[in-house]
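Reading through the structure tokens given below for one structure.
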Amino acid sequence: MGIEFELKYRATAEIQEELARDGHWRSIAMETTYYDTPSKAMSSRFFTLRRRKENGVSVCTLKAPAGELARGEWETECDSIEEAIPQLCKLGCPPELSRLAEEGLVEVCGAWFTRRCREVEFAGAVLELALDEGILFAGETYVPLCEIEVELKEGHREQAMAYARILAGAYDLEPERASKFRRALALAEEG
């Protein structure tokens, strides 16, 4: 299991373009489908189950709470979310995933976006700076997505938080407290 620690900020395309002028960025096309059970057993436990194509490669992921601002993250390359469940369980995700999935899985919402990312070294930490731009959707409802993420890859949370504070101050960024899944799920619940 990996522990994911990231900080998200709302952005504009102009801010992203200004940031993108510095450094070497790689681009990843992301097509994400989020799943839940018909009774919403996953989201009620704050589990995020998704299948994402990253430049055409299918990666299935489970995220689950792991403390303040952090999430446990298990992922495996797999073309089917149903086939990924046993693989995720073998990786050590919460064992209840398998039991919950027996109810069946339904597509709930999704996101299509382009991620530009690069590695940043800061105060001894290794961070990923990501610029995400695209849409969140549920059914026929779409909303724009434009955000900046700072994700800790190596080091301590305090280092990531210090870098994120500097970045937010320099670009007058406001924190985005809800994940892409939670924002897309809100669209599904409104519809």
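Just so you know, all these numbers are worked out from the coordinates, no wet-lab data involved. Quick caveat: nothing in here was measured; it's all calculated off a predicted structure. For neighbour counting, all protein chains shown are included, and Cβ atoms are generated from backbone atoms with ideal geometry for every residue, glycine included.
Below 10 angstrom from the Cβ of Ile81, what's the summed charge of the other residues (Lys, Arg +1; Asp, Glu -1)? It would help to have the intermediate numbers written out before the result.
Values: positive: Arg50, Arg51; negative: Asp79, Glu82, Glu83, Glu107.
It works out to a net charge of -2.
Can you tell me the orientation of helix 180-190 relative to the chain, as the angle in degrees between its alpha-carbon axis and the longest Cα principal axis, to the nearest 10?
Once rounded, one gets 60 degrees.
So, with +1 on the Cβ of K and R and -1 on the Cβ of D and E, and no other charges, what is the size of the charge dipole of the chain about its Cα centre, to the nearest 20 debye?
Charge dipole of the chain: 260 debye, to the nearest 20.
Give me the count of lysine pairs in segment 2-190 whose alpha carbons sit under 24 angstrom apart, restricted to pairs 8 or more positions apart or on different chains.
Lysine pairs meeting both conditions in segment 2-190 amount to 17.
Taking only Cα atoms, what is the 0 to 90° angle, nearest 10, from helix 157-171's long axis to the longest principal axis of the chain?
On a 0 to 90 degree scale, this one is about 60.
Could you work out how much longer the chain between Glu54 and Glu17 gets when fully extended? Use 0.36 nm per residue separation minus the Cα distance between them, nm to one decimal.
Details: separation 37, 0.36 × 37 = 13.32 nm, distance 2.17 nm.
Difference between extended and current length: 11.1 nm.
Modelling each spin label as a point 7 Å along the Cα-to-Cβ direction, I'd like the Glu103/Tyr142 distance in nm, to one decimal.
The two pseudo-label positions are separated by 3.1 nm.
In nanometres, what is the gap between the two model label sites at Val126 and Arg45, each 7 Å from Cα along Cα-to-Cβ?
Spacing of the two 7 Å Cα→Cβ label points: 3.2 nm.
Can you tell me the relative contact order of segment 1-80? Whole percent, Cα pairs under 8 Å, sequence separation 6 or more.
31
What is the angle, in °, between the Cα long axis of helix 81-90 and the longest principal axis of the Cα atoms in the chain? Nearest 10 is fine, range 0 to 90.
The two axes meet at around 80 degrees.
What value, in deg cm²/dmol to 500, does the helix sum -39500 (n - 2.57) over DSSP H runs of n ≥ 4 give at 222 nm once divided by the residues of the chain? All intermediate terms of the calculation are to be shown ahead of the outcome.
Working: 6 runs with 54 residues, N = 191.
Computed mean residue ellipticity for the chain: -8000 deg cm²/dmol.
Run the numbers on the chain and let me know its relative contact order in percent, using alpha-carbon pairs under 8 Å that are six or more apart.
Relative contact order, the chain: 26 percent.
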